[in-house]
Amino acid sequence: TPPELLRNFCIIAHIDHGKSTLADRMLQITGAVQPRNMRAQYLDRMDIERERGITIKSQAVRMPWEVDGTPYALNMIDTPGHVDFTYEVSRSLAACEGALLLVDAAQGIEAQTLANLYLAMENDLTIIPILNKIDLPSAQPEKYALEIANLIGVDPDDVLRVSGKTGDGVEDVLDRIVEQIAAPVGDADAPSRAMIFDSVYDTYRGVVTYVRVVDGQFSPREKVEMMSTGTAYELQEIGVSSPEPVPSKGLGVGEVGYLITGVKDVRQSKVGDTVTNSRRPAEQSVPGYADPMPMVFSGLFPIDGSDYPVLRDALDKLKLNDASLAYEPETSTALGFGFRCGFLGLLHLEIIRERLEREFDLSLISTAPSVVYRVVMEDGAEHTVTNPSEYPEGKIKEVHEPMVRGTILTPSDYVGAVMELCQGKRGQMLGMDYLSEDRVELRYRLPLAEIVFDFFDALKSRTKGYASLDYQDDGEASSDLVKVDILLHGDHVDAFSAIVHKDKAYSYGVSMAGKLRGLIPRQQFEVPIQAAIGSRIIARETIRAIRKDVLSKCYGGDISRKRKLLEKQKEGKKRMKMVGSVEVPQEAFIAALSSD
Ligand code: GTP
């Protein structure tokens, strides 16, 4: 297809605002999917199948659409919705010339949508604003059209009103895409270049790489190379998803499609990298490539120590499909053998953990998430610390921690509560705007460490669930941080060490020591529990020795979810760990580490 007949776009929407439903309607109306093959959530379903290794996940779909007798090809590119994947979002945006901004007409825009909208605007994408679900009785299209119009600087009447459910207005959306979004431009005679915007692992075909061709043209059997590494492969298959994969004879300027090279690991086909012809390579790669950087670290330990090999194999498997997952073996006196894992953010951590438990039937305990600290010593040496137990000894000059720029959207009634929360989390206010009379956008610079802890929950509970948060990397700052250790009868319990702000060290120490006192059963002797910064003790609790006439009480505290997991485990058999001379049931550690 010549570039002037192509349109590449993505959909920016919050979860549940109706992206899948609208995509279904478009597939139907354009005839990309025959009526007899149509089923709800067409693209999502393919996703599940991919997990089982049956078909290829469709990250880009091609749809035919005619305007005034001219046949166009519309490529819809899927974007990951969540903040953790900002880099991936920015790559998929870079593959498009336009974006549909899809907003639920009964809800209005959310912080995450806003963040992706700003990204799209920075990438100079044409934005087509759409209010969805106008069939709902609770829809308030006038109110939210005004909000959107103010945000992107258009007339409220230009905001399209559609219903993905009834199909109302969907044809207008398709026409608008053709009319308003620019056709891709590129040099057809230049050495070929294509940008990778996604790559997924498929059990049968290996890695399937989704690309957008920038210049030149790609054909089957051609030798290509990845510009960041120089590794060369032969293209076994090249094609487009419409939405089932259809092999093609070639992909030209502006086209979006998939490549299969027989590669087995997504790390060899990295998002953002440039593919070029190895015999006639391009001089410059498509700008914007970055290695995925883990931002949040946590230790993952199997509750049953004999599951360690299963956990290792499971991580190896997940890594095939997730270039951003990092892990290395870790040993803890409290928790045994496990892995120190690096994630893009909290959601990424939760997804991986969930998949390990669900797909590999593992019961896991994760240590409190930690960020990456840069510790500068007085002698000039520098350490990167991702695990509090590796915090350097000796004279420390400065500690730097990662910062984020957070955007919070809240109903105006809760502005005070949100500000209080952000201040308590060491936030620095950058600005505040009223999107409409009753909705406010607040911008803060915050330490990432404060967000990974319990910020989301605190925000939701203070605003009755109405506020939403999004954040982006914002460099680092030097802060007054210390490492707090927990000692049991004089011995360090590594899993409980934490790097915290000086002002919070005391309360962390007191709460941890108190928690443990309630969880560890009495021993034959008195056991002190201490919190310490270096050699200075900042909090102390004591577990008294057993008296003959007293039956040792069971450890209290609410274990809730963890306990359920434990009950599934071999019942009756209590696993004890020795920390120095103290016998500690494993569930005490687990309970102390779970935040609820
Ligand atoms: P995720 O896949 O979770 O990101 O959600 P999504 O944004 O793809 O939303 P989805 O299409 O799954 O729709 C979310 C819910 O809204 C579903 O229950 C849909 O049935 C409903 N929904 C979607 N579009 C409309 C619409 O136009 N009108 C009404 N009344 N409901 C809709």
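Using R₀ = 35 Å, calculate the FRET efficiency as 1/(1 + (r/R₀)^6) where r is the Cβ-Cβ separation of residue 278 and residue 384; round to 0.05.
Working: r = 36 Å, r/R0 = 1.02.
Taking R0 as 35 Å, the efficiency between residue 278 and residue 384 is 0.45.
Determine, from the Cβ-Cβ distance of residue 310 and residue 437 and an R0 of 60 Å, the FRET efficiency 1/(1 + (r/R0)^6), rounded to the nearest 0.05. Don't skip to the end; give the middle numbers.
Details: r = 55 Å, r/R0 = 0.92.
Once the sixth-power term is evaluated, E becomes 0.65.
Which part of the range 443-474 falls in the paramagnetic zone of residue 429, meaning amide N under 15 Å from the point 7 Å along Cα-to-beta-carbon?
443-446, by backbone N distance to the label point.
Using R₀ = 41 Å, calculate the FRET efficiency as 1/(1 + (r/R₀)^6) where r is the Cβ-Cβ separation of residue 4 and residue 229; round to 0.05. Write down the numbers at each step before the final one.
On the way: r = 34 Å, r/R0 = 0.84.
After rounding to 0.05, the efficiency reads 0.75.
On the first, second and third principal axes, largest extent first, how far apart are the outermost C-alpha atoms of the range 63-219 in Å?
If we take the Cα atoms of the range 63-219, the spans are 51, 42, 33 Å.
Could you work out how much longer the chain between residue 138 and residue 412 gets when fully extended? Use 0.36 nm per residue separation minus the Cα distance between them, nm to one decimal. Mind dumping the intermediate values first?
Values: separation 274, 0.36 × 274 = 98.64 nm, distance 2.04 nm.
Extra length available between residue 138 and residue 412 comes to 96.6 nm.
Each label point is 7 Å from the Cα along the Cα-to-Cβ direction; what then is the distance between the points at residue 454 and residue 265, in nm?
Taking the simple label geometry, residue 454 and residue 265 are separated by 4.0 nm.
Express in Å², to the nearest 10, the accessible area of residue 389 obtained by rolling a 1.4 Å probe over the protein heavy atoms while all chains stay in place.
Probe radius 1.4 Å; accessible area of residue 389 about 50 Å².
Throw me the Rg/Rh for the range 76-126, computed over C-alpha atoms with Kirkwood Rh, two decimals.
That ratio equals 0.94.
Fully extended, how many nm does the chain gain between residue 179 and residue 244 (0.36 nm per residue separation, minus their Cα-Cα distance)? Write out the running numbers ahead of the final one.
Working: separation 65, 0.36 × 65 = 23.40 nm, distance 2.67 nm.
Stretched out fully, the residue 179 to residue 244 stretch lengthens by 20.7 nm.
For the Cα atoms of the chain, what angle does the longest principal axis make with the long axis of helix 19-29, in degrees from 0 to 90, nearest 10?
That works out to roughly 20 degrees.
Taking θ as phi - 60°, what are the ³J(HN,Hα) couplings along the range 359-367 by the Karplus curve (6.51, -1.76, 1.60), each to the nearest whole Hz, with x for Gly and Pro?
Karplus-based 3J(HN,Hα) across the range 359-367 equals 7, 10, 6, 9, 9, 10, 10, 10, 7 Hz.
Would you mind checking which residues have amide H under 5 Å from residue 192's amide H? H placed 1.01 Å from N; only 5 or more apart, or other chain.
Under 5 Å from the amide H of residue 192 lie the amide H atoms of 217, 277, each far enough along the sequence or on another chain.
I'd like the per residue volume of the convex hull spanned by the Cα atoms of the chain, given in cubic angstrom. Walk me through the numbers before you get to the answer.
Details: hull volume 104.6 nm³, N = 596.
Convex hull volume per residue, Cα atoms: 176 Å³.
Once phi is turned into ³J(HN,Hα) by the Karplus curve 6.51 cos²θ - 1.76 cosθ + 1.60 with θ = phi - 60°, what whole-Hz value does each residue of the range 318-334 show in order, with x for glycine and proline?
5, 5, 4, 10, 9, 5, 8, 7, 10, 7, 8, x, 9, 10, 10, 5, 7
Whole-Hz Karplus ³J(HN,Hα) for the range 475-492, in order, using 6.51 cos²θ - 1.76 cosθ + 1.60 and θ = phi - 60°, x for Gly and Pro?
For the range 475-492, the Karplus-derived couplings read x, 9, 9, 7, 9, 7, 10, 9, 9, 9, 9, 10, 10, 10, 6, x, 9, 5 Hz, x marking Gly and Pro.
In nm, give the distance between the simple-model label positions of residue 420 and residue 16, each being 7 Å from the Cα along the Cα-to-Cβ direction.
Using points 7 Å along Cα→Cβ, the separation is 2.6 nm.
How much accessible surface area, in Å² rounded to 10, belongs to the heavy atoms of residue 494 with a 1.4 Å probe?
Here the residue's solvent-accessible area equals roughly 40 Å².
When the accessible area of the range 413-542 is split by element with a 1.4 Å probe, what percent falls to carbon and sulfur?
47
Taking the Kirkwood radius as the inverse of the mean 1/r across Cα pairs, report the Rg/Rh of the range 257-401. Kindly include the intermediate steps, with their values, before the conclusion.
Details: Rg = 18.8 Å, Rh = 17.6 Å.
Here the Rg-to-Rh quotient is 1.06.
Specify the angular offset, from 0 to 90 degrees and rounded to the nearest 10, of the alpha carbon long axis of helix 415-424 from the longest principal axis of the alpha carbons in the chain.
Its long axis makes an angle of about 50 degrees.
What is the Å³ per residue value for the convex hull set by the Cα atoms of the range 367-517?
Numbers: hull volume 17.4 nm³, N = 151.
So the per-residue hull volume is 115 Å³.
Where q = 0.10, 0.14, 0.18 Å⁻¹, what log10 of I(q)/I(0) comes from the Debye formula for the range 217-299, counting one point per Cα?
The Debye formula, applied to the Cα set alone, gives -0.29, -0.53, -0.82.
Quick one: work out Rg over Rh on the C-alpha atoms of the range 131-186, Rh as Kirkwood radius. Working shown, then result.
On the way: Rg = 13.1 Å, Rh = 12.5 Å.
Ratio value, two decimals: 1.05.
On C-alpha positions alone, give me the angle between the axis of helix 111-122 and the longest principal axis of the chain, in degrees, nearest 10.
Computed tilt is about 50 degrees.
Can you give the accessible area of residue 544 in Å² (nearest 10), computed on protein heavy atoms with a 1.4 Å probe?
The accessible area of residue 544 comes to roughly 130 Å².
Of 299, 332, 320, whose Cα points farthest to the positive end of the dipole of the range 253-407 (charges on the beta-carbon: +1 Lys, Arg; -1 Asp, Glu; origin at the Cα centre)?
My answer, from the dipole projection, is 320.
Leaving out ligands and nucleic acids, note down the accessible area per residue over the chain with a 1.4 angstrom probe, in whole Å². Numbers along the way, then the final one.
Details: 26360 Å² over 596 residues.
Per-residue value: 44 Å².
Greater than 25 Å separation of Cα atoms is the criterion. Which listed pairs, 483/515; 502/577; 223/317, meet it? Walk me through the numbers before you get to the answer.
Details: 483/515 19 Å; 502/577 31 Å; 223/317 28 Å.
Long pairs (Cα-Cα over 25 Å): 502/577; 223/317.
Give me the extension gain from residue 472 to residue 393: residue separation times 0.36 nm, minus the current Cα-Cα distance, reported in nm with one decimal. Could the numbers behind the result be given before it?
On the way: separation 79, 0.36 × 79 = 28.44 nm, distance 3.16 nm.
Roughly 25.3 nm would be gained on extension.
Take 85, 339 and sort them by solvent-accessible surface of the protein heavy atoms, 1.4 Å probe, largest at the top.
Descending order: 85, 339.
Can you pull the percent of Cα pairs in the range 220-266 with separation above 14 Å? Show your work: numbers first, answer last.
Working: 577 of 1081 pairs.
Tail of the P(r) past 14 Å holds 53 percent of the pairs.
When the dipole is taken about the Cα centre of the range 484-540, and only Lys, Arg (+1) and Asp, Glu (-1) are charged at their Cβ, what size is it in debye, to the nearest 20? Can you show the working numbers first?
Values: 7 positive and 5 negative charges, 43 e Å.
In total the dipole reaches around 200 debye.
Using only DSSP helix segments of four residues or longer, with each worth -39500 (n - 2.57), what per-residue ellipticity at 222 nm results for the chain after dividing by its residue count and rounding to 500? Kindly include the intermediate steps, with their values, before the conclusion.
Values: 13 runs with 151 residues, N = 596.
Computed ellipticity for the chain at 222 nm equals -8000 deg cm²/dmol.
The values are calculated or read from the model by the stated rules, or taken from the named source; none is laboratory data. As the structure is a prediction and not an experimental result, all values here were calculated from the model. Note: ideal-geometry Cβ built from the backbone for every residue, glycine included; neighbour counts use all protein chains shown. Ligands, DNA and RNA are stripped out before the accessible areas are found, and what is left, the full protein with its side chains, is counted by its heavy atoms. Shrake-Rupley method; radii C 1.70, N 1.55, O 1.52, S 1.80 Å.
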